[in-house]
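Inspection log for the structure reproduced underneath, given as structure tokens.
Please treat every number below as a calculation from the coordinates, not as lab data. Note that the structure is a prediction, hence the values are computed from the model and not measured.
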Amino acid sequence: MVETAELELVLEPQHPNLDDERFSKQIVDLTNALKLEVGGVSTRTVAEHGKRGGLPEIILALGTSGAIGAAVAVMKLWFDKDKARKIVIKVRTKGKTREVE
């Protein structure tokens, strides 16, 4: 079994055609669904050079296969609402980071 501190997913939701205000609400909806189904969810904003604000990141600390399955189910539902959405996932485990888009 993997301990919660050993596996962290950092989600960067993205969409090519939505303004910040509309997409911000969709990110809040995704974050709330993950909190409800998975737990262990936090958010942070990464500053972008030359822009006000920045890209939101959703951080999931996962420790069980059930939590991982629940996160995948929530993301699948989120993708099904708009095929142009995508999420860049950074997987952090034991000090190493891998990125999946």
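The table below gives the values:
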quantity: Cα gyration tensor shape of segment 54-101, rounded if a/c is under 1.5, else prolate or oblate by comparing a/b with b/c; calculated: oblate
quantity: Length added when fully stretched, Lys25-Val91, from 0.36 nm per residue minus Cα-Cα; calculated: 21.3 nm
quantity: Whole-Hz ³J(HN,Hα) from phi, Karplus 6.51 cos²θ - 1.76 cosθ + 1.60, for segment 64-70, glycine and proline x; calculated: 10, 5, x, 5, 5, x, 5
quantity: Residue-by-residue Karplus 3J(HN,Hα) for segment 85-95, coefficients 6.51, -1.76, 1.60, Hz, glycine and proline x; calculated: 6, 8, 9, 8, 10, 9, 9, 10, 8, 6, x
